[in-house]
C-alpha cells in the first residue's frame, strides 16, 4: 500500500473568521436598538439674573509697593501699604465674598512675593483668586 504524501497548505482558510464576524454583526444589530441613549442636557443661552462682579486687582510693583484697582468704583490705581491692602481686601470680601481678586505683578518681581500674596489671600478665605497676565505681542 502506497502512502499518500500530504501536500503542505500555504494558504490560510478565512471562512471560520468570516462566520465569527457575521455572528458578531448579528448580535450587535439585535442589541443596538435595545440600548437607551443617554440624554444630554445642554445649557441654555439667556440673560444671567446676576450681574457679573468686577474683580479687585492687587498690584505688586517692581519697587516693592502695593496698589489696587477697584473696578467697581473706578479705574484709578491707589498705592497703599501692605496692612492697608489687607484691610481693603477684607472689607471687600465681607461685603461680597464672591468678588474675585486678581494679582498683577511686574515682571521683575520675584515669584515668591506673588506666592506670598496668594497664601495670604487663601488664609483670608478669598475663594476666587486669579493671576493677571499680559499677552506677548
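Restricted to strands (runs of 3 or more DSSP E) entirely inside the range 22-137, those with at least 3 residues that are surrounded by 12 or more Cβ atoms within 10 Å (Cβ to Cβ) and in contact with a strand residue (DSSP E or B) (Cβ under 7 Å, 6 or more places away or on another chain) are 56-60, 66-70, 78-80, 101-105.
Of all the criteria given as (1) over 24 Å from the mean Cα position of the chain (by Cα); (2) at pLDDT 85 or above, the one not satisfied by residue 119 is (1).
The values are calculated or read from the model by the stated rules, or taken from the named source; none is laboratory data. Just so it is clear, the structure is predicted and the values come from calculations on it, not from any experiment. Glycine gets a Cβ as well: all are built from the backbone with ideal geometry, and neighbour counts include every protein chain shown.
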